[in-house]
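> Structure below; questions to follow.
The values are calculated or read from the model by the stated rules, or taken from the named source; none is laboratory data. A quick note: this is a predicted structure, and the numbers were derived from the prediction, not measured. In this analysis, Cβ positions are derived from the backbone assuming ideal geometry, glycine residues included, and neighbour counts consider all displayed protein chains.
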Amino acid sequence: MYTIYINDTPLLLKEAAGMPKNSIGDTQNIVARYAGKPKHLSGYIDMLEKTNRFQSITLYAEDYEKLVSDFFSLFKLIEAAGGLVLNPAGEILFIFRRGFWDLPKGKIDKRESPSEAALREVREETGLEQLDLGAELMITYHTYREKDGRRILKRTYWYRMETKERELHPQAEEDIEEAVWMSASAFFSGEERRVYRSLLEVIKA
């Protein structure tokens, strides 16, 4: 199964096993069978790009590989990597960029492995140097459009990291306004914070 966030709404691609024969759902959660035409997928993508009134959309097909292949064919794929960094107190390193709270991440360079890119991006965006790389947490997908209108599908590899360093230096060149240590309980309590839904999945992982 793939979960792709479009305009911060999850679109799920699933196999047909266990799914209903006919489309079902409600006004906020749509479940539909893929008819096998990429134009069908484009319609759902267009709809999600224009509104965030849905909680989720699930598309399924007997030919699951074709569903996935057809979906990916509508985008240019870009790969990125990032880290969920913990200090000895169990606090998470958060950054604030372009109006949203986020975790440090960035595009993978040529001849770079995802783990190498994740370490480099965390170092560049936060100023941390002494990082211990842990396990891969998960892979997330989200979409956006470039200025020329081309659709981008970004695949991001997320890794758990640890450090004993405390001092942070946010990278202003990447529009990072703040870099802070905060416990998960503190982050999710008190004031309402703007955060991408895909990022919540990483924190839960």
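> The conditions are (1) loosely packed, with under 11 Cβ neighbours inside 10 Å; (2) part of a strand (DSSP E or B), and P88 fails exactly one of them. Which is it?
For P88, the exception is condition (2).
> Sort out for me the strands (runs of 3 or more DSSP E) sitting completely within segment 1-67 that have 2 or more residues that are within 22 Å of K154 (Cβ to Cβ). Outline the logic, then answer.
Details: elements: 2-6, 9-15, 29-33, 56-61.
Fully inside segment 1-67 and qualifying: 2-6, 9-15, 56-61.
> Between F71, F94, which is under 23 Å from K147 (Cα atoms) and modelled with pLDDT of 95 or more? Full working, then the answer.
On the way: F94 fails: under 23 Å from K147 (Cα atoms).
That would be F71, the only listed residue that is under 23 Å from K147 (Cα atoms) and modelled with pLDDT of 95 or more.
> I need a count of the residues in segment 126-151 that are in contact with a helix residue (DSSP H, G or I) (Cβ under 7 Å, 6 or more places away or on another chain) and either touching a residue at least 60 places away in the same chain (Cβ under 8 Å) or more than 30 Å from E162 (Cα to Cα) (or both).
Here is the first cut: in segment 126-151, the ones in contact with a helix residue (DSSP H, G or I) (Cβ under 7 Å, 6 or more places away or on another chain) are 128-129, 131, 133, 137-138, 140, 142.
From what is left, the residues that are either touching a residue at least 60 places away in the same chain (Cβ under 8 Å) or more than 30 Å from E162 (Cα to Cα) (or both) are 137-138, 140, 142.
Final tally of qualifying residues: 4.
> Within segment 151-173, count every residue that is under 28 Å from L77 (Cα atoms), at pLDDT 95 or above and loosely packed, with under 15 Cβ neighbours inside 10 Å. Walk me through it before giving the result.
Let us first name the residues in segment 151-173 that are under 28 Å from L77 (Cα atoms), namely 151-161, 170-173.
The next check asks that each one be at pLDDT 95 or above; those that pass are 151-161, 170-171.
Narrowing further to those that are loosely packed, with under 15 Cβ neighbours inside 10 Å: 152.
The qualifying residues number 1.
> Separate question: What number of residues within segment 73-107 satisfy the criterion of being over 15 Å from the mean Cα position of the chain (by Cα) and farther than 13 Å from Y196 by Cα?
The qualifying residues number 13.
> Hey, can you tell me all the residues within segment 116-145 that are among the basic types (K, R) and either outside any strand (DSSP E or B) or surrounded by 15 or more Cβ atoms within 10 Å (Cβ to Cβ) (or both)? Steps first, please.
Residues of segment 116-145 that are among the basic types (K, R), as a first pass: 120, 123, 145.
Of everything in segment 116-145, those that are among the basic types (K, R) and either outside any strand (DSSP E or B) or surrounded by 15 or more Cβ atoms within 10 Å (Cβ to Cβ) (or both) turn out to be R120, R123.
> Another question about this same structure. Looking only at residues that are within 30 Å of I45 (Cα to Cα) and hydroxyl-bearing (S, T, Y) in segment 174-200, which one is surrounded by the fewest Cβ atoms within 10 Å (Cβ to Cβ)?
Y196
> Could you tell me whether A16 is touching a Phe, Trp or Tyr at 6+ places or on another chain (Cβ under 8 Å), crowded, with 17+ Cβ neighbours inside 10 Å and not assigned by TED's automatic domain parsing to the domain that holds E112?
Details: touching a Phe, Trp or Tyr at 6+ places or on another chain (Cβ under 8 Å): yes; crowded, with 17+ Cβ neighbours inside 10 Å: no; not assigned by TED's automatic domain parsing to the domain that holds E112: yes.
Criteria not met by A16.
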